[in-house]
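For reference, the structure discussed in these notes is given below.
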Amino acid sequence: MSVALFGGTFNPVHFGHLRIATELAEQLQVKSIRMMPCAFPPHRDKPEVDGQQRLEMLQLAIDQQTVLQADDIELQRPAPSYTVDTVRLMRDKVGAQTPLFLCIGMDALNGLDRWHEWQRIQDYCHIVVSSRPGFSVPQSGPLAEWIDQRRCKDLAVLKQSAHGNVYFCELTMLAISSTSIRKKVSNGENIGFLTPDSVVDYIRQQHLYE
Ligand code: ATP
């Protein structure tokens, strides 16, 4: 049974994340989707809410789900959270034969060649790319060639190997972002129906984003 990895800052987690994680689980038919809050994103400012709080919100949001799981693999290591290190560790955990999928957005794919040891990532996992409005597959240059050589269009074929391919899928993007939730909280606006009630309560109790 295959495993998928879905990383983010999750500051806080919201229904946009939960919706695409659910769709990924269905489309890829995996045993689990590991949602991994990053310790310190190398390409972004350090979040003001700590990793433990972001993990707790994720756990509350996922609740009793069996397919979606909160994974603290990136919080256990000193920052920064390099993806290549995460997939290497995860490969050790799941064993050599299990197909492992790293799920990223099309926006991230376009900057993949700036990631630390980016060409090594496929030694440990497949890369699953979800379409995003305003972004398309790189058309020229070394990254485009690298993708072309590894692209696989058939999920059944993809699952016959444990790592090494790039696969594209269509997922539903909801018009929700963590940024908009943080802004609403700081403006005293209602964030109901943007994230589960348990997360809304947690944000209120912990006085986050005020
Ligand atoms: P921020 O607003 O702080 O930038 P965010 O809402 O984009 O945060 P992240 O934790 O950075 O959330 O995102 C983690 C992953 O989820 C990324 O791959 C991102 O592309 C994806 N994602 C974020 N929001 C949505 C959404 N509304 N629908 C689908 N995917 C999303």
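Scanning the range 146-187 for residues that are away from the ligand (no atom under 16 Å from the Cβ) and either open to solvent by 70 Å² or more (accessible area, probe 1.4 Å) or under 13 Å from G16 (Cβ atoms) (or both) turns up D148, Q149, R151, K153, D154, V157, Q160, H163.
Within the range 129-136, one or more residues are among the polar types (S, T, N, Q), assigned to a loop (DSSP other than H, G, I, E, B), within 16 Å of the ligand (Cβ to nearest atom) and closer than 22 Å to A25 by Cβ. Residues in the range 91-105 that are at pLDDT 95 or above and within 16 Å of the ligand (Cβ to nearest atom): F101, L102, C103, I104.
Residues are listed down the side, and each one gets a yes or a no for (1) at pLDDT 95 or above; (2) surrounded by 19 or more Cβ atoms within 10 Å (Cβ to Cβ); (3) within 15 Å of the ligand (Cβ to nearest atom):
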position	(1), (2), (3)
H14	yes, yes, yes
Q27	yes, no, yes
V30	yes, yes, no
M35	yes, yes, yes
F40	no, no, yes
G51	no, yes, yes
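Picking from residues in the range 136-145 that are more than 28 Å from A96 (Cβ to Cβ) and of a type in the set (A, V, I, L, M), the one that is most open to solvent (accessible area, probe 1.4 Å) is V137. Residues that are out of contact with any helix residue (DSSP H, G or I) (no Cβ under 6 Å at 6 or more places or on another chain), at pLDDT 95 or above and surrounded by fewer than 20 Cβ atoms within 10 Å (Cβ to Cβ) within the range 74-90 comprise D85, R88, L89, listed in sequence order. Residues in the range 68-98 that are of a type in the set (A, V, I, L, M) and without any contact (Cβ under 8 Å) to a residue 40 or more places away in the chain were compared, and the one that is nearest to G164 (Cα to Cα) is L89.
The values are calculated or read from the model by the stated rules, or taken from the named source; none is laboratory data. The model shown is predicted, which means the values in this text are computed figures rather than measured ones. Methodologically, a virtual Cβ is constructed for each residue, glycine included, from the backbone with ideal geometry; neighbour enumeration extends over all protein chains shown. Keep in mind that these areas ignore ligands, DNA and RNA; they rest on the heavy atoms of the full protein, side chains included. Shrake-Rupley method; radii C 1.70, N 1.55, O 1.52, S 1.80 Å.
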